[in-house]
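First up is the structure itself, then whatever we jot down about it.
Values in this text are rule-based calculations from the coordinates and carry no lab data. Since the model is a prediction, treat every value here as computed from it, not as a measurement. Cβ coordinates were reconstructed from backbone atoms using ideal geometry, including for glycine residues, and neighbour counts include every protein chain displayed.
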Amino acid sequence: GCFANGEMDFEAVYHHQLWKRLGRRYPRCTFSVLNLGVGGQTAQGGLARFDAQLLPHRPDLTLLSFALNDCGAGLPGLDAYRRTMDLLMARIEEEALSDLIVLTPNFIAAHDNPRVHPEHRKLGYVEKLVPLQKDGVLARYAEALRELAAKHGAPVADVYDMWESWQRCGLDP
């Protein structure tokens, strides 16, 4: 996660795990899994990169997930986020001719904890990010994703709901 600061486990990253699982599930097929995500970017940045970085690949399936950085705009930014995600979903369907799966975000830290890297602590990440989780801002962005996915008939991999269920069970996500 972002609080790891400079650490990268290339075996454990999401896109590599997806590639490995697809290969195990469908051993007679060949898969290319491209991670076009850019750390720290918002949906608007993804939209700006759409023509140059997504369309040329002509994906069969696109997994779309923005919200963690977008929610930094707070509730006032929710309408702009919703419009941008709606446009991205439409363009994936109509221009990329790709199937779409929408992923809701994982939680942001709900409280200060020892896993926050000292560099991120100095930058004030705890003070900036924890309220987005605790005050339900990120939850509203996740709900907007669910609503838009339903509008577009896209399945949802509801990661946020999974994290919520862990919290309801008394785990500290």
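Report the GluC sites (Glu not before Pro) located in the range 30-109 that are in a DSSP loop and have at most 12 other Cβ atoms inside 10 Å of their Cβ, or state none. Walk me through the numbers on the way to the answer.
Working: sites: 93, 94, 95; in loops: 95.
In loop regions of the range 30-109 (DSSP not H, G, I, E or B), the sparsely surrounded GluC sites (Glu not before Pro) are 95.
Expressed as a whole percent, how much of the Cα-Cα distance distribution for the chain exceeds 19 Å? Intermediate values should be presented prior to the final figure.
Values: 9164 of 14878 pairs.
That tail contains 62 percent of the Cα-Cα pairs.
Strictly greater than 13 Å: what percent of every Cα pair in the range 126-173 meets that?
Above the 13 Å cut-off, the range 126-173 has 64 percent of its Cα pairs.
List the longest stretch of the chain that has no exposed loop site; here a site is one of the trypsin sites (Lys or Arg not before Pro) assigned by DSSP to anything other than H, G, I, E or B, with at most 13 other Cβ within 10 Å.
Value returned for the longest uninterrupted segment is 29-114.
Which number comes out as Rg/Rh for the range 41-119 once both Rg and the Kirkwood Rh are worked out on C-alpha atoms?
On the way: Rg = 14.9 Å, Rh = 14.1 Å.
Rounded to two decimals, Rg/Rh equals 1.06.
So if each residue of separation counts as 0.36 nm, and I subtract the Cα-Cα distance between residue 106 and residue 166, what length gain in nm does that give?
Working: separation 60, 0.36 × 60 = 21.60 nm, distance 1.15 nm.
Using 0.36 nm per residue and subtracting the Cα-Cα distance, I get 20.5 nm.
Using Cα positions and a limit of under 30 Å, work out the lysines in reach of residue 151, with same-chain residues fewer than 8 apart set aside.
Answer for residue 151, where 30 Å is the Cα cut-off: 134, listed by chain and number.
Please say if the range 1-74 is rounded, prolate or oblate, where rounded means a/c under 1.5 for a ≥ b ≥ c the square roots of the C-alpha gyration tensor eigenvalues, and otherwise the choice is prolate for a/b larger than b/c and oblate otherwise? Don't skip to the end; give the middle numbers.
Details: a/c = 2.50, a/b = 1.34, b/c = 1.87.
Judged from the Cα gyration tensor, the range 1-74 comes out oblate (a/c at least 1.5, b/c at or above a/b).
Helix-derived [θ] at 222 nm for the chain: sum -39500 (n - 2.57) over DSSP H runs of at least 4, divide by residue count, nearest 500?
Computed mean residue ellipticity for the chain: -13500 deg cm²/dmol.
Under a point spin-label approximation (7 Å from Cα along Cα-to-Cβ), what is the residue 159-residue 126 distance to one decimal in nm?
Placing both labels 7 Å along Cα→Cβ, they lie 2.4 nm apart.
Points 7 angstrom from Cα along the Cβ direction at residue 90 and residue 29: gap in nanometres?
3.0 nm
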